[in-house]
Amino acid sequence: MQSSMMEKLSFLYKPYVLAVLTIGYIAGELGHYLIGVTSKATAIELDYGDQACQQNHTDFLRHELPAQCAEFIIEHECHQQHINGTVYCEWNYNGLGLEYQLLAGPSFIAVFTVMGVVLGVAADRYNRVRMLFVCTLVFAVAILLQGTVKEYWHLILLRMVMAAGEAGCNPLATGIMSDIFPESKRALVMAIFNWGIYGGYGIAFPVGRYITKLDIGGLGWRVCYYGTGVLALIMAVLTGTTLREPERQSIGEDAAGKAKINLVKVLLQPRVLLLVLAASIRHSGGMTFAYNADLYYNIYFPDVDLGWWLFAVTIGIGSIGVVVGGIVSDKVVAKMGIRSRVACLAISQLLATPFAFGSVYFEPLWAMITLGISYFFAEMWFGIVFAVLVEIVPLQVRSTTIGVFLFVMNNIGGNLPILVDPLAKAIGYRGSVMFFYAGFYGISTVLFFITMFFMDGPKPEETAATIGHDPTSHANHVEMGHENNTFQPDDYLPSPHANGHTANGHRNIVSVRPSESSRL
């Protein structure tokens, strides 16, 4: 009876896996991005970063002030600003500066990118579920401990440990999901999972702002890290106890003596190089906004509480964009080939760019409206990029390639925002954010368009003669007309008893093993 019940509920396993992996990723990214929202409170307590003249917590609105606090660069002049004896400016840490940029970006990225490659290589050889459990446990503990720090360097060190654990999430989870879900749902599944980045980032706004203000138990910003760490610990336990390693055929191919894949040759394909360059520039634009959005709106609109607006735009509009991007990509690729996925990337970023400019140009109302429109189109990109990547590289080096791809993308995209600070001192904070955020969206659009022409277009259906099977058998025809069969994994081959279906109940995309000449 119990076995029968488990069989009936087995259809829930795949969405359950996706849910556990995604929520775990959200927890990790929430820990990653909390610093961008709590930085001012953290800096005041730990003494790091720049100090500046800022509007204090009086009841005056910006338009009521005779002079804006940000205009004063000398401390004693800042303290002299008042209305009828009520001082409305204060000289304090503002959460910005080189120390903040190092904390938010390079200290995390340096470890994240190196460990991403190491764990990506390991994922092609060892049990990915067990590795993901350990990785989730590591970053969960690191997030918890960030709530206990007493010095700036403690925070730097723990963010590096957190990065080491979180580095395994994407390559390990991507490999697991690629072996569980059919190709027809690949972009949507990847989009939902990678939305964890934006989910964590969006949730960071209300958590970092409002939980800090509640000052629960006198702990202030530290409670944010305690709560996030506990959630991550729960997901680590669920990962280790309820998920199982899916079967993958690459191990069997290697054991059978099949030709080894040349990883360097795979990575040096022009289409892979162009894809990683375009993704790196786009990622840099996104990271610039992620690390600076809360600080930017607090500086320019200190009397307007945009925390819930930023949460709603990121979670609500961003989520819709992620899902729409995955669905559109999966639908059009069936008819137009892998090139259509990259076309979706280019078009979505093109549409997002002018509205991204608007989000840092306009006053709060229109800034939020244009940000919402920008997010709808912009957030289509991440899941589609990895759907493209897993379709143009061989199964045997899939996780390794993802690790290397993330290494390059995060080193470029994650470290370039450190230049926001020196450029801000030259042209102003608004202009600097505008250049690295919206400007890089525009540059990535051009690069994605160029990349599109290096991808294969739609392929004609193979005839029965070329396949060499019964022409009346529907299972012997190509069901998806795009170029993924260049590196078709053997787990799509039918078993002798499957009657044209795989063991997990999904139709085989290509019913014959591609020739060795089709592989790199």
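Of all residues in the range 266-289, exactly one satisfies the criterion of being of a type in the set (Gly, Ala, Ser) and open to solvent by 10 Å² or more (accessible area, probe 1.4 Å), namely 286. Of everything in the range 226-249 that's of a type outside the set (Ser, Thr, Tyr) and open to solvent by 70 Å² or more (accessible area, probe 1.4 Å), which residue is modelled with the lowest pLDDT? For the range 226-249, the residue satisfying everything is 247.
The conditions of being under 19 Å from residue 192 (Cα atoms) and open to solvent by less than 10 Å² (accessible area, probe 1.4 Å) are not met by residue 392. Of the residues 116, 217, the single one that is outside the structural domain of residue 308 (by the TED database) and crowded, with 24+ Cβ neighbours inside 10 Å is 116. Is the range 190-212 home to any residue that is open to solvent by 10 Å² or more (accessible area, probe 1.4 Å), among the hydrophobic types (A, V, I, L, M, F, W, C) and over 19 Å from residue 315 (Cβ atoms)? Among the residues of the range 190-212, not one is open to solvent by 10 Å² or more (accessible area, probe 1.4 Å), among the hydrophobic types (A, V, I, L, M, F, W, C) and over 19 Å from residue 315 (Cβ atoms), which makes the answer no. Checking the structure you have, find out if any residue of the range 162-182 is touching a helix residue (DSSP H, G or I) at 6+ places or on another chain (Cβ under 6 Å) and open to solvent by 40 Å² or more (accessible area, probe 1.4 Å). No, the conditions are met nowhere in the range 162-182. Within the range 63-113, being part of a strand (DSSP E or B) and open to solvent by less than 10 Å² (accessible area, probe 1.4 Å) holds for one residue alone: 89. Scanning the range 193-222 for residues that are among the acidic types (Asp, Glu) and in a helix (DSSP H, G or I) yields a total of 0. Within the set 138, 149, 121, 134, the sole residue that is outside any helix (DSSP H, G or I), out of contact with any Pro (no Cβ under 7 Å at 6 or more places or on another chain) and not hydroxyl-bearing (Ser, Thr, Tyr) turns out to be 149.
Among residues of the range 40-62 being of a type in the set (D, E, K, R) and over 30 Å from residue 154 (Cα atoms), the one that is surrounded by the most Cβ atoms within 10 Å (Cβ to Cβ) is 62. Taking the range 373-393 as the range and being free of Cβ contacts under 8 Å to residues at least 60 places away in the same chain and over 17 Å from the mean Cα position of the chain (by Cα) as the test, only 373 passes. For the range 319-338, indicate whether the set of residues that are among the small types (Gly, Ala, Ser), open to solvent by less than 10 Å² (accessible area, probe 1.4 Å) and at pLDDT 85 or above is non-empty. No: zero hits.
The values are calculated or read from the model by the stated rules, or taken from the named source; none is laboratory data. Source: prediction; values computed, not measured. FYI the Cβ positions are ideal-geometry reconstructions off the backbone, even for glycines, and counts take in every protein chain you see. Side chains are part of the model used for accessible areas, which takes the heavy atoms of the whole protein and leaves out ligands, DNA and RNA. Shrake-Rupley method; radii C 1.70, N 1.55, O 1.52, S 1.80 Å.
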